Amino acid sequence: MRIIKGILLLLAMPALALAVSPHELRGIGVTVADGGARIELDTSAQTSAKFFTLNHPERVVVDLKNTRLASGVRVPEGSGVVATIRTGNRPGGTLRVVIELKSDLAARGKWMASPVGVGKQFVIEVGKGAPSVFATVAANEASAVETATVETAPAKVVPKAVLPAHAPIDNDRDIIIAVDAGHGGVDPGAIGRNGTQEKDVTLAIARALAERINDEPGMRATLIRDSDTFVVLRDRMARARAAKADMFVSIHADSIRDRSITGASVYVLSERGASSEAARWLAERENAADLAGGVSLDDKSESLASVLLNLSQTASISASMTAAERVLAELDQTFGVRKSRVQQAGLVVLKSPDIPSMLIETGYISNPGEEARLKSRRGQQRLADSIFTGLRGYFEVNPPAGTRLARMRRSTLAGVASAPASP
């Protein structure tokens, strides 16, 4: 959960030293060709450069140590195979340059002499059609050319307790939503009067929701299960954490003896459920993964670990409630709800201390009318659309740091603030 990062930063401040950035990135040039491109980073001097690629979306990343972006430098817009180029500051005075590509292309990078004789150039070539300069480097200049370290994945870095590993500043990453289809495999869940099994309904709605999320720029879904398989409850939480999810949404269909009962309901974690989970984490913290803010509990004192965990849980439950209220409102407009307020319970799948989580009972499979709706493709799509609209509304107002939606929101607010007052 990102909400506690400011508090964690204050805790980490005594250990931080001011970074010195003696070098400058003074210009960024892009030359495109059929199927390729060359990007030139003009710097005041050669420095340590880390060069690697990332996927989904395809990106080439260059980290320039002890470097800052010079005043007035314009970052070029995307062109050809290059979708966008952006820069951001990293801890320790490192400047990150991210080149997002429109497809998966081979990339290489080198330090080269500046054509104007001042400073250095880090040159990146992607694709096969790029106008290459690498082949023109004379043998007697080879000693002046340093090949950057190429990695297929970012190197492991000791967390600074400020940002999660997948959300560096201005990385424009996607918001990740873990969509959990309840039950599955040997666990059919509730069964309707006409034989409809809850596990089949939840998987269909989860797939429709994931598809709707993936169609939205800046958002991406990960399915906890995408087939008729059984996943134990705590493994569902673990899969969401492994995907670095910003939100966990579990899809279910309710059942009750009174077949006349209808309507959806939404649940988040109760305070009692949070307390029991906190006790479990504190007892097992030497084996626990880091919190989403990049903070490990295993090296903290009992009291500090308890405070950090409590902060994370409180923030997570608050975010869960706000998002759940939006989803509930959308479901109420579309189908009507059984319970007009978000409910709280100690359900296991809601117990992630740092990932906002909600469980949605999409309707009563025990009611013949709702059973038919839950089973129909149209009904499943309408449910998915309503859930998505609620989630999108929440993230438009509360985008996680480092995401594309966060940047868009900053731009919108800046535009509103700079707009002239109405006469």
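The values are calculated or read from the model by the stated rules, or taken from the named source; none is laboratory data. Values in this document were obtained by computation on a predicted structure and should not be read as measured data. Positions of Cβ are generated from backbone atoms using ideal geometry, with glycine treated the same way; all protein chains shown enter the neighbour counts. Surface areas here come from the heavy atoms of the whole protein model, side chains and all, with no ligands, DNA or RNA. Shrake-Rupley method; radii C 1.70, N 1.55, O 1.52, S 1.80 Å.
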> Any idea which residue in region 51-67 is least open to solvent (accessible area, probe 1.4 Å), counting only those that are touching a Gly at 6+ places or on another chain (Cβ under 8 Å), closer than 18 Å to Met112 by Cα and free of Cβ contacts under 8 Å to residues at least 60 places away in the same chain?
Replying inline: Thr67
> Is there a residue in region 152-175 that is at pLDDT 90 or above and among the hydrophobic types (A, V, I, L, M, F, W, C)?
Replying inline: yes
> Considering only region 194-232, how many residues are surrounded by 15 or more Cβ atoms within 10 Å (Cβ to Cβ) and closer than 17 Å to His252 by Cβ?
Replying inline: 20
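Would you mention how many residues in region 49-84 are assigned to a loop (DSSP other than H, G, I, E, B) and of a type in the set (Asp, Glu)? Full working, then the answer.
Quick first cut of region 49-84, residues assigned to a loop (DSSP other than H, G, I, E, B) only: 55-58, 65-66, 70-78, 80-81.
Next, only the ones that are of a type in the set (Asp, Glu) stay: 58, 77.
Matching residues across region 49-84 total 2.
Count, please, the residues in region 260-272 that happen to be at pLDDT below 90 and surrounded by fewer than 21 Cβ atoms within 10 Å (Cβ to Cβ). Can you show your working first?
Quick first cut of region 260-272, residues at pLDDT below 90 only: 269-272.
Still in the list and also surrounded by fewer than 21 Cβ atoms within 10 Å (Cβ to Cβ): 270-272.
Matching residues across region 260-272 total 3.
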>> Looking only at region 77-95, how many residues end up being within 14 Å of Glu40 (Cα to Cα) and touching a Pro at 6+ places or on another chain (Cβ under 7 Å)?
In response: 1
> Right, Ser48: open to solvent by 60 Å² or more (accessible area, probe 1.4 Å) and within 12 Å of Glu24 (Cβ to Cβ) or not?
Replying inline: no
>> Give all pairs with beta carbons closer than 7 Å in which a residue from region 352-363 that is over 15 Å from Thr314 (Cα atoms) and open to solvent by less than 10 Å² (accessible area, probe 1.4 Å) meets a residue that is acidic (Asp, Glu) and part of a strand (DSSP E or B); count only pairs at least 6 apart in sequence or on separate chains.
In response: Gly363/Asp254
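Suppose we keep only residues that are more than 19 Å from Gly80 (Cα to Cα) and part of a loop (DSSP other than H, G, I, E, B) within region 94-118. Which one would you say is least open to solvent (accessible area, probe 1.4 Å)?
Taking region 94-118 as the starting set, the residues that turn out to be more than 19 Å from Gly80 (Cα to Cα) are 94-96, 110-118.
When the remaining residues are screened for being part of a loop (DSSP other than H, G, I, E, B), the result is 114-118.
Details: Ser114: 19, Pro115: 105, Val116: 116, Gly117: 68, Val118: 93 Å².
Among residues in region 94-118 that are more than 19 Å from Gly80 (Cα to Cα) and part of a loop (DSSP other than H, G, I, E, B), the one least open to solvent (accessible area, probe 1.4 Å) is Ser114.
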>> Given the condition modelled with pLDDT under 75, more than 28 Å from Ile175 (Cβ to Cβ), of a type in the set (A, V, I, L, M) and in contact with a Gly (Cβ under 7 Å, 6 or more places away or on another chain), answer yes or no: does some residue in region 16-28 qualify?
In response: yes
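Anything in region 175-193 that is of a type in the set (Asp, Glu) and buried (at least 22 other Cβ atoms within 10 Å of the Cβ)? List them, or say none. Working first, answer last.
Within region 175-193, the subset of a type in the set (Asp, Glu) is 180, 187.
Result: Asp180, single match.
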> For Thr43, all conditions in the list (1) modelled with pLDDT of 85 or more; (2) closer than 14 Å to Asp172 by Cβ hold save one; what is the number of the exception?
Replying inline: (2)
> So which pairs qualify, if the first residue must be in region 208-231 and part of a helix (DSSP H, G or I), the second must be open to solvent by 60 Å² or more (accessible area, probe 1.4 Å), the Cβ gap must be under 7 Å, and the two must be at least 6 apart or on different chains?
Replying inline: Ala208/Gln381; Ile213/Arg220; Asn214/Arg220
